1. Looking at A180, A143 in this structure, which one is within 16 Å of the ligand (Cβ to nearest atom) and not polar (S, T, N, Q)?
2. Please tell me if G207 is at pLDDT 95 or above and away from the ligand (no atom under 15 Å from the Cβ).
3. What do you reckon, is E153 charged (D, E, K, R) and assigned to a helix (DSSP H, G or I)?
4. Just need a number here: residues in the range 4-43 that are basic (K, R) and either touching a residue at least 60 places away in the same chain (Cβ under 8 Å) or assigned to a loop (DSSP other than H, G, I, E, B) (or both).
5. Condition check: at pLDDT 95 or above and open to solvent by 30 Å² or more (accessible area, probe 1.4 Å). Does R360 satisfy that?
6. Given the residues L176, L189, L209, L201, which is the only one that is more than 18 Å from S96 (Cβ to Cβ) and open to solvent by less than 20 Å² (accessible area, probe 1.4 Å)?
7. Restricting attention to the range 192-231, which residues are free of Cβ contacts under 8 Å to residues at least 12 places away in the same chain and at negative phi?
8. Is it true that some residue in the range 83-91 is within 16 Å of the ligand (Cβ to nearest atom), among the charged types (D, E, K, R), on the phi < 0 side of the Ramachandran plot and out of contact with any His (no Cβ under 9 Å at 6 or more places or on another chain)?
Amino acid sequence: MVVAYLDHAAATSVRPEVLEAVGPLLDTLAANPTATHAEGRAARHVLDDAREEVAELCGAIPGGVVFTGGGTEADNLAVTGVVRACGIEAPQVLVSAIEHKAVLEPAQHLARRGEAELALLGVNGEGLVDLHALAASLGPSTALVSVMTANNELGTIQPIVQIAAAIANRAPHAVLHTDAVQAAPWLDLCTAARGADLVTLSGHKLGGLKGVGALVLRRRVPLEPLIVGGAQELGLRSGTQDVLSAVSLAVALRCAVADRDHEVERVRALRRELWQRLEHDLGAQVHQTVPSAPSLPGHLHLSVLGVDAEELLVALDRAGVCASGGSSCASGALEANHVLEAIALPPSLRRGAVRLTLGRTTTQGEVEAGARAIVEVVRQLSTA
Ligand code: PLP
């Protein structure tokens with residue numbers, strides 16, 4: 001039985017409004033949205049509405065949304081698509097050292113193949129990008145800068161507006177991409193990610209379906225598609241479109257925006273309470289990794305001293321607490337964690353580092369029960 005689901009940053013449950021919107025379409029939207037007959041036009045109309053809604057909520061150019069098969073694909077399209085279409089010889093790609101692997105790996109892949117020069121932007125102990133280092137790195141060959149709006153592990157929110165200003169000063173031709181997969185449920189992207197040219201979203205972090213994402217285009221930048229063979233999605237993502245998934249993303253985003261102010265306060269208060277309960281019962285054995293950086297309201301990244309994270313996660317799972325030890329895409333596999341390395345977290349704290357993330361369905365009761373279970377498990381492991 002699940003006592004507390006504290007892994008909303010990995011995936012959060014589908015919103016009831018999404019089920020209500022998508023359910024009836026399962027029966028009625030049989031046609032291919034590229035078909036020219038009435039049924040096809042009806043499907044295309046629904047898809048276009050979803051596209052316009054996402055575009056409007058994220059400050060895109062009209063129709064400037066490419067629906068993809070998830071956040072990973074949208075990140076890959078941004079990185080590889082910009083580099084391959086930029087027309088710069090030996091283009092430089094600047095990527096923060098704590099990006100999700102969906103950004104880091106395509107950038108590394110391009111660098112290995114000699115298609116780009118990759119420079120990693122360092123971060124401070126709280127995961128914030130070094131703006132001086134960024135400014136010093138920008139130059140005529142910079143084709144792309146990719147810095148996430150908020151980090152998936154720590155929750156730290158990056159100064160995207162200042163990053164955009166630095167690029168406008170020193171490399172105005174460069175494209176700024178931001179992975180807003182984690183930020184989208186909590187932040188107004190029109191302000192928090194103002195100045196970014198390309199923005200990545202993922203459906204299942206918002207309460208939409210899994211397997212859908214979007215690359216939001218804020219201005220027309222040359223992009224080479226990753227998938228060709230039909231020219232759907234502005235010619236940037238071929239293949240018959242998944243209208244229902246696109247609708248799920250649009251509805252989930254609309255609901256997240258409508259609930260945001262209230263939810264941010266509610267979830268922030270619950271996170272504070274969770275931390276206070278853990279600190280009260282476990283004292284100096286628990287450390288918050290980024291106690292004072294601007295961060296997403298639902299993220300609580302902490303280290304439990306004297307406990308191994310892998311053992312802790314297994315024991316928590318047995319006790320009914322769902323938590324995670326790193327990137328959700330690699331969860332289960334606690335490989336060397338590039339984010340914790342980048343913030344230079346001491347090995348003693350890295351060993352017991354876990355991520356607890358709260359979300360839309362988190363309740364007071366769940367926080368209380370979750371905190372009790374975590375304390376009990378930590379005490380058991382500490383005396384074992
Ligand atoms: N970017 C970030 C910051 C993420 O947290 C994730 C998923 O954990 C992704 C990208 C990948 O998104 P998706 O699971 O939709 O492929």
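1. On the way: A143 fails: within 16 Å of the ligand (Cβ to nearest atom).
Being within 16 Å of the ligand (Cβ to nearest atom) and not polar (S, T, N, Q) holds for just one of A180, A143, which is A180.
2. On the way: at pLDDT 95 or above: yes; away from the ligand (no atom under 15 Å from the Cβ): no.
Taking the combined requirement at face value, the residue does not satisfy it.
3. no
4. Within the range 4-43, residues that are basic (K, R) and either touching a residue at least 60 places away in the same chain (Cβ under 8 Å) or assigned to a loop (DSSP other than H, G, I, E, B) (or both) number 1.
5. Judged against the criteria, R360 is a match.
6. On the way: L176 fails: more than 18 Å from S96 (Cβ to Cβ); L189 fails: more than 18 Å from S96 (Cβ to Cβ); L209 fails: open to solvent by less than 20 Å² (accessible area, probe 1.4 Å).
On inspection, the qualifying residue turns out to be L201.
7. V228
8. Here is the first cut: in the range 83-91, the ones within 16 Å of the ligand (Cβ to nearest atom) are none.
Checked against the condition, which is being within 16 Å of the ligand (Cβ to nearest atom), among the charged types (D, E, K, R), on the phi < 0 side of the Ramachandran plot and out of contact with any His (no Cβ under 9 Å at 6 or more places or on another chain), the range 83-91 yields no hits at all.
The values are calculated or read from the model by the stated rules, or taken from the named source; none is laboratory data. All values reported here derive from a predicted model rather than from experimental measurement. Backbone-built Cβ (ideal geometry, glycine too); neighbour counts: all protein chains shown. Side chains included, ligands, DNA and RNA excluded: accessible areas come from the protein's heavy atoms. Shrake-Rupley method; radii C 1.70, N 1.55, O 1.52, S 1.80 Å.
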